[in-house]
Each structure stands twice: as C-alpha cells, then as structure tokens.
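Asks: Structure below; questions to follow.
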Amino acid sequence: MELQFLGGAGEVGRSAVLVDDRLLLDYGMKTGTPPAYPVGSVDPEAVVVSHGHLDHAGAVPALLSGRDRPDIHWTPPTRELALTLARDTLKLHGGSHRCPFTETDLKRVGEVDQPHGYGEPFAAAGYEVTFFDAGHIPGSAHVLVDDGETRLLYTGDFHTTSQRGSDAPASRTDRHGEPIRGQRLVAGTTARPDADVVVCESTYSDVQHEPRATVEERFAESVRTTLYEGGTVVVPAFAIGRTQELLLICEHYDIPCYVDGMGQDVTRMLRQYPDYVRDADALRRAKSHARFVTGRDGQRERIAEQNAAIVTTSGMLSGGPAMSYIPEIRRNPTNKIAMTGYQVEGTPGRELLETGSAEIDGRVMPVAAQVEQYDFSAHADRDGLLSFLDSYRDTPVLANHGDRCATFAEELRVEGYEASAPALGDAVTV
C-alpha cells in the first residue's frame, strides 16, 4: 500500500489519508481564518469517514463537485452528524471560501452514501473495510483496510478506558451499579484488531488527563455553588459529544440546566441511535431533564437571569447562542463561565481565559464573571495512547493528528516501536 498524507500530518485538522490513489480515509477541514483543506487534488473511488467532526468530515461533500461520484462509507450516526455540520457550514458560509461545497454537492451525498455498523466488513474501492468502535463520539470508528496482503488500521480519534485514575467511585456507576470509566456518553474503545501497520492519532501524546471522575465532580460542585449563591453558569460546549456529556452530568447531579444551539438537534438525533451510546435510557433522562431553548421573544435574556446552567454552542465562543448569554452575565462576579473544551489560539474563548476579556460581536468586553476551564476531552491521553499501542509493539506505527507527531514517534522508538511521523504531503509505502 502507498499512503499519502494530505492533511492531519503534524497538525490537528483537515485529516485526509489517500490509499493507493483509490481509497480516501477522511476528508476534513481545519477551521481558522482562512480555513484550510487537504492538499493536492484527489479523485478517489471511495471515501471512508471515521467520525462526524469537522476536522475529519467537514469537506466530504466537496468530493462530489465534479463528474465523479465516489461512494461514501460511514456509520449511521456519523452520516447524520456530518450532514448536520455540512448544512450548518452551508448556511453560515455558503458561497464563500469558508464553505468548499455547494447545495448541489450536499444533495449528491444522499445518492452515494452507504452506512455500515461496527464489525460488518464491506467492500470499498476493492478493499475489505471494517469499522470498530473508537469510543470518541457516537458512531466514531477505527477503520481497518485489508487489501488481501496488508491490513492497515487507521485509528481516527479515539478514547480508551485505560486513562489515569480509571477506577470509578460510587457516583460514577450506572443504574445497574456497573462502574462508568471515562465518558458517560460512550464507552472507551476496547477494539484491537490485527494489523500490519497502524496510523495512530496523537493529539494528547504529552498530556495526562485528570481522572474523569475528579473533573466531573469538581465541575458539578462549582456549578452548584454558583447556583446556590444566586448566580448563573454559562457552559460553552461543542455541539457533538460534549453537549450530550454535560447534559448527562447535569442530570446525574440534579443540576437545573438549559441547552441551546446546534447541540439540541444533535441530542435529539442521537436518541435515534441507542446502540451507539453507552446508556440510551440515561441519555433519554438527560434530554428530559434539560430545558430546550427556542430563543424566541427574548427568552435568552430571561434565562440569563435564572439560577441554572446554560449548555450552549459554540465551545470556543466563536459564534452561536453563547454570544447572547456572555454579554448578559459578564458583569456579575457571582456568575460563572465554565469552559469545557480546548480553546484554540486566536479564538474568543482562548482570549477570555488569558486576558479576562473577549471580543463578542466585534466589541471587546471585559468579563467580571468567574472563568474556569475543565478537561472533558474525548481523546485518549498519553497513558491511553500507550495502552492502545501496547497491542501493536511489533507493528509499524505512523503518528498523525497532533502538533507533536515527530516527537511522539521518537518517544515510541525509544520504547522499542518502529515509529515515524509523515509530514504533510508525504507518500509512505507500507
């Protein structure tokens, strides 16, 4: 096999790996000003999408802009999530450089897409391909590609139960009394399919996540304290995965909460795929516990005065309903903004954490409300990555999807692995 790394090599964003000029693994975009897309021109016979985040699926409809119609393979939730994001991108940026496809391209997706479940081999561009649960978000998949001689494992993004401090306390058990390790929304991956080469994400290869139970309980205690003192907590969250995780936490700790933005539609959609979440009943209860916001007739301004948590997009304060809530609650030091995801440099969320002010709707606003950050990452940390790769000690590893891929590959070589880190645009024969 020849692998060409068209994106995601030495960076987080625009993931795309082309196999033998025929099969494309992911086709994402890298958000920014301007946004970035995979390098080079591609004309694949088929594309396989690991999961429904923008950096892996955001540019997929653009593959249908010409005469060719490559088949698109993904799990059912990934299909729904990718199309939801594509429609949002088209709505916000259609006709500009920030949207690489048209309404026509998006409609064509439904003509060629083919959903598949976990563990169900299927044919794509002459290869046998199998999805395995990656434990990242609902529908996320490791992708195993077999040409009859070589088995390539493309991990996509993944989360494991082998994180530091994985023992679950009493408050981290499900309704059957079973321990919940890692995320509440999806269980960490346990899949370790046989492979001859592994393309492995390395996003948090130098980070040890704090035990999830500790983060969760500290978040819940902080929110409850603010509400008890008469304040409001705005919780910026990514619409896919993070919003649902926080709704599950709010329901478990009986925290009154609202949910606003795209996370509402994603939550409703995921209720239709009970086999792709850890506990469908828990997600149903979480949806019922949260109050959904319509935004009509000044509703957001009224909610901002209530003693409640408001889980809302966007996770980096770069748009969405969060722009309505922050100006309303920012002056009161009793109020709180609880950031729940990584804040990319240059975003208003990062600015708020570093300076105590943020640019909202073109105005720089000082924020007197308390600002906190919590690590609810859905990626494996260093321990999780090493635990996963322990099953592949005799297998070549190609590190990608991270800003320190070369360093991580060197660290793996010190541990006895055959590891390397392709650069953007590199072609590697395996």
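The values are calculated or read from the model by the stated rules, or taken from the named source; none is laboratory data. Since we're looking at a predicted model, the values are computed, not measured. Every residue, glycine as well, gets a Cβ built from its backbone with ideal geometry; the counts of neighbours run over all protein chains shown. SASA here: full protein model, heavy atoms, side chains in, ligands and nucleic acids out. Shrake-Rupley method; radii C 1.70, N 1.55, O 1.52, S 1.80 Å.
Asks: Just checking, does the range 85-104 include any residue being in contact with a strand residue (DSSP E or B) (Cβ under 8 Å, 6 or more places away or on another chain) and closer than 22 Å to Asp21 by Cβ?
Replies: Checked against the condition, which is being in contact with a strand residue (DSSP E or B) (Cβ under 8 Å, 6 or more places away or on another chain) and closer than 22 Å to Asp21 by Cβ, the range 85-104 yields no hits at all.
Asks: Among the residues of the range 35-44, are any open to solvent by 10 Å² or more (accessible area, probe 1.4 Å), without any contact (Cβ under 8 Å) to a residue 60 or more places away in the chain and among the hydrophobic types (A, V, I, L, M, F, W, C)?
Replies: Within the range 35-44 (the criterion being open to solvent by 10 Å² or more (accessible area, probe 1.4 Å), without any contact (Cβ under 8 Å) to a residue 60 or more places away in the chain and among the hydrophobic types (A, V, I, L, M, F, W, C)), the answer is yes, since at least one residue qualifies.
Asks: Hey, could you check the range 299-320 for residues that are in contact with a Ser or Thr (Cβ under 6 Å, 6 or more places away or on another chain) and closer than 20 Å to Thr267 by Cβ and say which is surrounded by the most Cβ atoms within 10 Å (Cβ to Cβ)?
Replies: Val311
Asks: Given the options Gly28, Gly8, name the one that is touching a residue at least 12 places away in the same chain (Cβ under 8 Å) and either of a type in the set (Ser, Thr, Tyr) or on the phi > 0 side of the Ramachandran plot (or both).
Replies: Result of the check over Gly28, Gly8: Gly8.
Asks: Further, regarding this structure: Which pairs have Cβ atoms under 6 Å, sit 6 or more apart or on different chains, and link a residue in the range 120-139 that is under 27 Å from Gln183 (Cα atoms) and modelled with pLDDT of 95 or more to one that is aromatic (Phe, Trp, Tyr) and open to solvent by less than 10 Å² (accessible area, probe 1.4 Å)?
Replies: The qualifying pairs are Ala134/Phe158; Gly135/Phe158; His136/Phe158.
Asks: Hey, another quick one. Do we find a residue being touching a Ser or Thr at 6+ places or on another chain (Cβ under 9 Å) and open to solvent by 70 Å² or more (accessible area, probe 1.4 Å) anywhere in the range 78-85?
Replies: No; the residues of the range 78-85 include none that is touching a Ser or Thr at 6+ places or on another chain (Cβ under 9 Å) and open to solvent by 70 Å² or more (accessible area, probe 1.4 Å).
Asks: Name the residue that is least open to solvent (accessible area, probe 1.4 Å), counting only residues in the range 14-34 that are of a type outside the set (A, V, I, L, M) and more than 19 Å from the chain's Cα centre (by Cα).
Replies: Here the residue is Asp20.
Asks: List every residue pair whose Cβ atoms sit under 9 Å apart, with the two residues 6 or more apart in sequence or on different chains, where the first one lies in the range 335-350 and is within 13 Å of Val367 (Cα to Cα) and the second, anywhere, is of a type in the set (Lys, Arg) and open to solvent by 10 Å² or more (accessible area, probe 1.4 Å).
Replies: If the second residue must be of a type in the set (Lys, Arg) and open to solvent by 10 Å² or more (accessible area, probe 1.4 Å), the pairs left are Ile337/Arg330.
Asks: Right, something else. Checking Tyr392 against (1) open to solvent by 60 Å² or more (accessible area, probe 1.4 Å); (2) touching a residue at least 24 places away in the same chain (Cβ under 8 Å); (3) of a type in the set (Ser, Thr, Tyr), which single condition isn't satisfied?
Replies: So the condition that Tyr392 fails would be (1).
Asks: Same structure, new question: Return the residue satisfying two criteria in turn: it lies in the range 237-262 and is within 15 Å of Ile303 (Cβ to Cβ) and open to solvent by less than 10 Å² (accessible area, probe 1.4 Å), and of such residues it is farthest from the chain's Cα centre (by Cα).
Replies: Here the answer is Ile255.
Asks: How many residues, within the range 216-236, are aromatic (Phe, Trp, Tyr) and either open to solvent by 10 Å² or more (accessible area, probe 1.4 Å) or closer than 25 Å to Thr78 by Cα (or both)?
Replies: Qualifying residue count, the range 216-236: 1.
Asks: Moving to a separate point now. Could you say whether any residue in the range 348-361 is within 18 Å of the chain's Cα centre (by Cα) and buried (at least 20 other Cβ atoms within 10 Å of the Cβ)?
Replies: yes
Asks: So, of the residues in the range 155-195 that are farther than 24 Å from Leu247 by Cβ, among the polar types (S, T, N, Q) and crowded, with 19+ Cβ neighbours inside 10 Å, which turns out to be modelled with the highest pLDDT?
Replies: For the range 155-195, the residue satisfying everything is Thr155.
Asks: Let me ask another. Looking at Arg271, Arg296, which is the one that is open to solvent by 70 Å² or more (accessible area, probe 1.4 Å), closer than 30 Å to Tyr118 by Cα and out of contact with any strand residue (DSSP E or B) (no Cβ under 9 Å at 6 or more places or on another chain)?
Replies: Being open to solvent by 70 Å² or more (accessible area, probe 1.4 Å), closer than 30 Å to Tyr118 by Cα and out of contact with any strand residue (DSSP E or B) (no Cβ under 9 Å at 6 or more places or on another chain) holds for just one of Arg271, Arg296, which is Arg271.
Asks: For residues that are in contact with a helix residue (DSSP H, G or I) (Cβ under 9 Å, 6 or more places away or on another chain) and either aliphatic (A, V, I, L, M) or open to solvent by 50 Å² or more (accessible area, probe 1.4 Å) (or both), scanning just the range 115-132, find the one that is farthest from Leu63 (Cα to Cα).
Replies: Checking each candidate, the answer is Tyr118.
Asks: What do you reckon, is Asp403 at pLDDT below 95 and within 28 Å of His51 (Cβ to Cβ)?
Replies: Yes.
Asks: Which one of these does His116 not meet: (1) farther than 22 Å from Ser41 by Cα; (2) of a type outside the set (A, V, I, L, M, F, W, C); (3) out of contact with any strand residue (DSSP E or B) (no Cβ under 6 Å at 6 or more places or on another chain)?
Replies: Checking His116 against (1) farther than 22 Å from Ser41 by Cα; (2) of a type outside the set (A, V, I, L, M, F, W, C); (3) out of contact with any strand residue (DSSP E or B) (no Cβ under 6 Å at 6 or more places or on another chain), the one that fails is (3).
Asks: Consider Phe122 against the criteria (1) of a type in the set (A, V, I, L, M, F, W, C); (2) within 27 Å of Gln272 (Cα to Cα); (3) under 22 Å from the mean Cα position of the chain (by Cα): it satisfies all of them except one. Which criterion is unmet?
Replies: With respect to (1) of a type in the set (A, V, I, L, M, F, W, C); (2) within 27 Å of Gln272 (Cα to Cα); (3) under 22 Å from the mean Cα position of the chain (by Cα), Phe122 is out only on (3).
Asks: Now for a different question. Give Tyr325, Tyr374, Tyr342 a once-over and let me know the one that is open to solvent by 30 Å² or more (accessible area, probe 1.4 Å) and aromatic (Phe, Trp, Tyr).
Replies: The conditions single out Tyr342.
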